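The structure under discussion appears below in the form of structure tokens.
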Amino acid sequence: YRWLELMAQHAPEIMDGLGPDFEFEEWTPSWTRIHQTVPYDPLSEPLADEVGRRLARVITVLQPIVEAERGNVPPGLERADPTPTGRRMRFRRRPRSA
């Protein structure tokens with residue numbers, strides 16, 4: 001929520017850089033996001049190129065905000081482990097069923 005609040009403070013700047021079709025959203029009780037819906041049909045190389053261009057633009061616009069705020073992260077929170085047990089979670093690809 002802290003990052004989303006920060007990004008919301010920069011909403012005019014972000015919208016100027018990304019356009020009005022990006023949304024700030026609470027996705028789940030523990031996850032927020034800035035996103036854009038991209039309609040597609042069918043999946044294609046030109047679509048992949050377009051999505052890549054859009055993602056590069058998102059990084060270009062948001063990264064300076066993130067970098068500027070990093071210095072304001074309280075000590076001890078900059079590397080907080082998101083898992084309650086302190087263990088890293090690992091995800092494995094499930095084998096395909098026959």
- request: For a label point 7 Å from the Cα of Val38 along Cα→C-beta, name the residues of the stretch 49-75 whose backbone N is under 18 Å from it.
  value: 49-63
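Convex hull volume of the Cα atoms in the stretch 1-56, per residue, in Å³?
Convex hull of Cα atoms, per residue: 94 Å³.
Computed from the coordinates by the stated procedures, all read-outs in this text should not be read as laboratory data. Keep in mind it's a predicted model, so treat the numbers as computed, not measured. Neighbour counts are summed over all protein chains in view; Cβ atoms, including those assigned to glycine, are modelled from backbone coordinates with ideal geometry.
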